[in-house]
1. Give me the three principal axis extents of segment 80-125 from the C-alpha atoms, as integers in angstrom, largest value leading.
2. If I stretch the segment between A37 and A19 completely, what's the gain in nm (0.36 nm per residue apart, minus their alpha carbon distance), one decimal?
3. Using 12 Å as the cut-off for backbone N distance, which residues of segment 103-118 belong to the label zone defined by a point 7 Å from the Cα of R144 along Cα→Cβ?
4. Between R116 and R286, what length in nm is gained on full extension when 0.36 nm per residue of separation is reduced by their alpha carbon distance?
5. Between H70 and Q175, what length comes free when the chain is fully extended (0.36 nm per residue of separation minus the Cα-Cα distance, one decimal in nm)?
6. To the nearest 0.05, what FRET efficiency results for R166 and R360 with a Förster distance of 45 Å applied to their C-beta separation?
7. First obtain the Kirkwood hydrodynamic radius of segment 3-204 from its Cα pairs, then insert it into the Stokes-Einstein equation at 10 °C and 1.306 mPa s, and state the resulting D in µm² per second as a whole number.
8. Got a sec to turn the phi values of segment 81-93 into Karplus ³J(HN,Hα) couplings, 6.51 cos²θ - 1.76 cosθ + 1.60 with θ = phi - 60°, whole Hz, x for Gly and Pro?
Amino acid sequence: MEFTKFNFHPKVAAGVTAAGYVEPTPIQAQSIPMVMAGRDVMGLAQTGTGKTAAFALPILHRLMSGGRGHVRALIVAPTRELAEQIHAAISSLAEQTGLRSLTVYGGVSINPQIARLKRGSEIVVACPGRLLDHIKQKTIDLSRLDVLVLDEADQMFDMGFLPDIRRLLKSLPQQRQTLLFSATMPVEIRTLAKEVLRDPETVQIDLVAPAETVSHALYPVNEARKTDLLLALLAQTGTGSVLIFTRTKHRAKRLGEKLSKTGFKAASLQGNLSQNRRQAALDGFRDGSFQILVATDIAARGIDVSKVSHVINFDMPNTTEAYIHRIGRTGRAARSGDAFTLVTAADRSMERAIERTLGRSIERRCIEGFEVVPESPTTNVQPRRNNRGPQANKPSRGTSSSGKAGSGSSKNTRRRNFSGRPAKPSAASAGA
Ligand code: AMP
């Protein structure tokens, strides 16, 4: 199938060509015709499936006719990173169209947003909290909205945004097209979908099938030796960009700092830091000036960084869905990728659950010198937290995470080890 089949407005088609897209991805092939026909759509798809273009292209096509200078499409996303990413994707696809997109989220001054809204924009990409502020202050006019997109709805639920979403819905015209995307379908999202979608079409894209180009491996290790094992793994594995996941913000920060001190070009993406530093971490990871990004699930959710060669789960995720989300960052667009998971005795049941989801067993690998010894009763193994636990539920009004750009050393011997060398399962002294 080719994009020409959709008969996009030539200026929208030009954006597709400029992006280099040749064939629509499965979610695009299924949902674009429905969205173009004006239907409400419930899209079950995770990030990396091409879902942004799946809603952005038909929206741009629709906006090519009708008025300009007022908000006609609103995309609501859980985090500012995701909002920026969607805005960037739309802006590039819309390059030839003259349609304008802007972002609205908290944690930054509201005034420049007000000024941009006054200048007029047809597309707004927003996080719920700040959007409600604009609605309250009457600095945004949504009375002539044509299309609403709720993206990563399950994540918005996890972050406590559903009450905000319901408040927002009250300020929108009833007569509109609504698209709701979610990677998973908890009952709360099913309920929301019933409330907001009218006679919807449902599109489901392999919810739990990770890219076949990803190879998975488990590294059993004692909790106390995780950092050393990670350093050994990094030192002996041929890798490009590496995304490392930790269980908590604090662990992400500490590990990012440790890796920077050890000589890696590493940054962490987690809470409590300014939007600028967060953006610097992401941009640096995207452009390759940081080879390693350490993040929590919430900080990294939905973030599209192509060319991630390795996803390393420093801590086991809390759910199989989180595992699939994490490793969805590598092996994209038929590139091969590796997903390594450090596992301790506390992770056994999650290991089995992931294997059941993948439908096969995952290879266990051992690096010499890191053989697992039985944990002593005093070993500090932290209890596993439920995915809907306190951290996940904390409403953060679009200010959920921030990043700290760790400093990389120019005299970085480890970096030379780090790229381009094939993996070999032998002992590593570096950093151990
Ligand atoms: P998304 O799931 O929207 O985050 O998209 C994941 C990545 O796939 C982004 O880098 C897109 O630019 C890319 N992408 C989207 N659609 C296509 C397509 N039809 N062909 C190739 N790449 C695509």
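1. If we take the Cα atoms of segment 80-125, the spans are 29, 23, 10 Å.
2. 4.1 nm
3. Counting backbone N atoms under 12 Å from the label point, the list is empty.
4. Taking R116 through R286 to full extension adds about 58.5 nm, to one decimal.
5. 36.2 nm
6. Plugging the Cβ-Cβ distance into 1/(1 + (r/R0)^6) gives 0.65.
7. The diffusion coefficient I find is 95 µm²/s.
8. Result, ordered by residue: 4, 5, 4, 5, 5, 5, 4, 5, 5, 5, 4, 6, 5 Hz.
The values are calculated or read from the model by the stated rules, or taken from the named source; none is laboratory data. Fair warning: this is a prediction, and the values are worked out from it, not measured in the lab. Virtual Cβ from ideal backbone geometry, glycine too; neighbours counted across all protein chains shown. Note: areas computed on protein heavy atoms with side chains; ligands, DNA, RNA excluded. Shrake-Rupley method; radii C 1.70, N 1.55, O 1.52, S 1.80 Å.
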